[in-house]
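See below for the structure under consideration.
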Amino acid sequence: MRKFNWEILLSHNHWVTLKIGERKLKVCARCLGVVVGFFTFTLTVTFYSFPFFQELSFPYQFIICLILVSPAIFDWLTQKWGIRESSNPIRIFTGFFEGSSVVFLYLTRIPFIQKILVLLLVGVLTLNIGFVGEKLLKRKSLLLNCPCK
């Protein structure tokens, strides 16, 4: 029986190596930041419920969640479009805020299904903007470098 290669799932060409005993595990830097941010704020919410956040209306709560996730979106988009190269510390940092954004979205008063839909909407929009922008930039680059004048 063939063994599943977890590294394909866990590392996206920008990984951090975690050493656990004698074993080494490659983990995506941004994903690691998301998990650490998610668990840090989940633990924090068990002791402090952020009443100021929960008293806000949903549009303001949503804006705060978008502000928290925007560094990760900006970092990924500019990296995907080839504008700049990100680094693992930046990926961990932006991922941390992305994970905290999910916890704050959890604290909103909208129904659970709407929370899932918000996550899907933001994720799908970000991916589409990233991949479409990458194709447009490559096409523009090819047109500018075309020797057919």
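The values are calculated or read from the model by the stated rules, or taken from the named source; none is laboratory data. None of these values were measured; they are calculated from a predicted model. Neighbour counts are summed over all protein chains in view; Cβ atoms, including those assigned to glycine, are modelled from backbone coordinates with ideal geometry. Note: accessible area is taken over every heavy atom of the protein model, side chains too, but ligands, DNA and RNA are not part of it. Shrake-Rupley method; radii C 1.70, N 1.55, O 1.52, S 1.80 Å.
Some observations on this one:
- Being part of a loop (DSSP other than H, G, I, E, B) and either surrounded by fewer than 17 Cβ atoms within 10 Å (Cβ to Cβ) or of a type in the set (D, E) (or both) is not true of G123.
- Selected residue (criterion: surrounded by the most Cβ atoms within 10 Å (Cβ to Cβ)) from residues of the range 66-107 that are of a type in the set (S, T, N, Q) and outside any helix (DSSP H, G or I): S86
- Only one entry of F53, F41 meets the criterion of being touching a Leu at 6+ places or on another chain (Cβ under 8 Å) and surrounded by 14 or more Cβ atoms within 10 Å (Cβ to Cβ), and that entry is F53.
- Qualifying position, being under 13 Å from the mean Cα position of the chain (by Cα) and among the charged types (D, E, K, R), among R91, R109: R91
- Flag if G130 is among the small types (G, A, S) and either touching a Gly at 6+ places or on another chain (Cβ under 8 Å) or in a loop (DSSP other than H, G, I, E, B) (or both): no
- Looking across the range 126-137 at every residue that is open to solvent by less than 70 Å² (accessible area, probe 1.4 Å) and within 19 Å of V69 (Cβ to Cβ), the one that is nearest to the chain's Cα centre (by Cα) is identified as T126.
- L43 falls short on exactly one of the conditions (1) modelled with pLDDT of 95 or more; (2) outside any helix (DSSP H, G or I); (3) of a type in the set (A, V, I, L, M), and that condition is (2).
- Condition broken by I63, with the remaining ones in (1) over 15 Å from G37 (Cβ atoms); (2) open to solvent by less than 60 Å² (accessible area, probe 1.4 Å) satisfied: (2)
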